[in-house]
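What follows is a single structure, written as structure tokens, with notes after it.
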Amino acid sequence: MEADAQRLQTEIKLQRAFIKLVGEQGFERVTVRQLTTEAQINRGTFISTI
């Protein structure tokens, strides 16, 4: 149960970061590094969520 809650929180962080970055830079310019930095998650976490 705890893992599900953490995964949901990570997905929410990524969604918010994605929306912010796309609004600022456009879809084609957003990188994984920018997403993980903005969402404050590890790149490995990002890879495991996709």
Next on the checklist: Give me the net charge for the shell around Ser48: Cβ to Cβ below 13 angstrom, other residues only, Lys and Arg +1, Asp and Glu -1.
Outcome noted: +1
Next on the checklist: Between Arg43 and Phe18, what is the label-point separation in nm under the 7 Å Cα-to-beta-carbon projection?
Outcome noted: 1.9 nm
Item to check | Rounded percent of accessible protein surface that carbon and sulfur make up, the chain, 1.4 Å probe | outcome: 52 percent
Checklist entry - Expressed in nm², what is the orientationally averaged projection area of the convex hull enclosing the Cα positions of the chain? => result 3.2 nm²
Checklist entry - Heavy-atom accessible area per residue, the chain, 1.4 Å probe: how many Å²? => result 81 Å²
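The values are calculated or read from the model by the stated rules, or taken from the named source; none is laboratory data. Predicted, not measured: the structure shown is a model, and the values here were computed from it. Note: ideal-geometry Cβ built from the backbone for every residue, glycine included; neighbour counts use all protein chains shown. Accessible surface areas use protein heavy atoms only, side chains included; no ligands, DNA or RNA. Shrake-Rupley method; radii C 1.70, N 1.55, O 1.52, S 1.80 Å.
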